[in-house]
Amino acid sequence: MIEIRVGELAELLGVHRNTVRNWIKSGALKASQTVGKKYSVSEEEFRRFCTLQSIPESVAYRVLSKEVYLAGKEENIMPQSEAVGDVRTVGDRHSVLRADPGWADLCLTCGSCASACPISGVDGFDPRKIVRMVVLGRTQEVVESNWPWKCTLCGKCEEACPMNLELVKLFRRIRSLRERDKVPGPLHKGVLMALRRGNNLGIPKADFVELLEEVGEELAEESCPGFRTPVEVEGANLMLTINSKEPFGEPDDMKFWWKIFYAAGESWTVPAENWEGVNWGLFTGDDDAMRIMVGRIVDNMLRLDCKKLVLPE
Ligand code: SF4
Ligand code: SF4
């Protein structure tokens, strides 16, 4: 076991103390309180947590090596040159957000990312500025800023970057560090709703199926004689996912895809549950939620034995 202090760990990782407290409170970092303001955590758990959070090996090692040293196991201490070798610093600061330790050298500050970005200039947003803030260790400032949330994750900056920096990954990583109750707009609420009910707006299964059947009947009367909405059809070629805002507020929009499938004589289906096609876990940097939602789609594909997936979003 190793012992950690919230303040020390926060400083080392370049995050706010509340972020560390929230990790512990939510169980993301499984630690138990000991005397004073210290927490006890197993080495294995701490390594698991560091891997999940993409915390650089050398930063993790600083926490672990200190304890290993205190325990008198000096043979386990990474040599100083290696321990700091993969964290390049500007001044004496480093940042947990630096996905790659070479960033300080790699970013040319050329501005190609800013030129390619369709929202560059909106409210002062500029991807290059974010990269520089990260490189300079201004982690908390960038996490609390609204800039990373303006990004559409389109990836044009990455394509333009002559140094192939993984900018989209960086922006998602920054978002993941925002406390969940401070995620802008309804995004995090949508994630929780999707986890609980299978879609971002919490539409119950019976209402959804009934609506699909009604819209299908309308379509048959309007322009597609004999059309019936194929819900839960096993062995269909395509499985279609749906943006929950369509059944919720714009049900006629669903007809566009359906008309194409009808005209093409396609074999397709919609699952009755977990049909959400918009994964807000992706947008909010919530990898765990994203995995669960993707897993449900895969489960539906396997359960219904469909060949291909259509994600119109
Ligand atoms: S395009 Fe790449 S190298 Fe140029 S400023 Fe942006 S991140 Fe840095
Ligand atoms: S991914 Fe974000 S920062 Fe990059 S070009 Fe698209 S909107 Fe701009």
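Only one residue of THR229, ILE297, PHE248 has its Cα farthest out toward the positive end of the dipole of region 187-310, where Lys and Arg carry +1 and Asp and Glu -1 on Cβ, and that residue is ILE297.
Arrange ILE292, ILE4 by Cβ neighbour counts within 10 Å, fewest through most, would you? Walk me through the numbers before you get to the answer.
Details: ILE292 16, ILE4 23.
With the fewest neighbours first, ILE292, ILE4 line up as ILE292, ILE4.
Ordered by the count of other Cβ atoms within 10 Å of each Cβ, fewest first, GLU276, GLU234 give GLU234, GLU276. Any idea how far the Cα center of region 225-258 sits from the one of region 164-178, in Å? For region 225-258 versus region 164-178, the Cα centre distance is 33 Å.
Peptides 150-162, 167-179: what's the order by average Cβ count within 10 Å, highest mean first?
Numbers: 150-162: 16.6, 167-179: 20.6.
For the peptides 150-162, 167-179, the packing ranking is 167-179, 150-162.
Residue order for LEU12, LEU309, fewest other beta carbons within 10 angstrom first, comes to LEU309, LEU12.
Quick note: the coordinates plus some simple rules give every number you see, no bench work behind them. Since the model is a prediction, treat every value here as computed from it, not as a measurement. Positions of Cβ are generated from backbone atoms using ideal geometry, with glycine treated the same way; all protein chains shown enter the neighbour counts.
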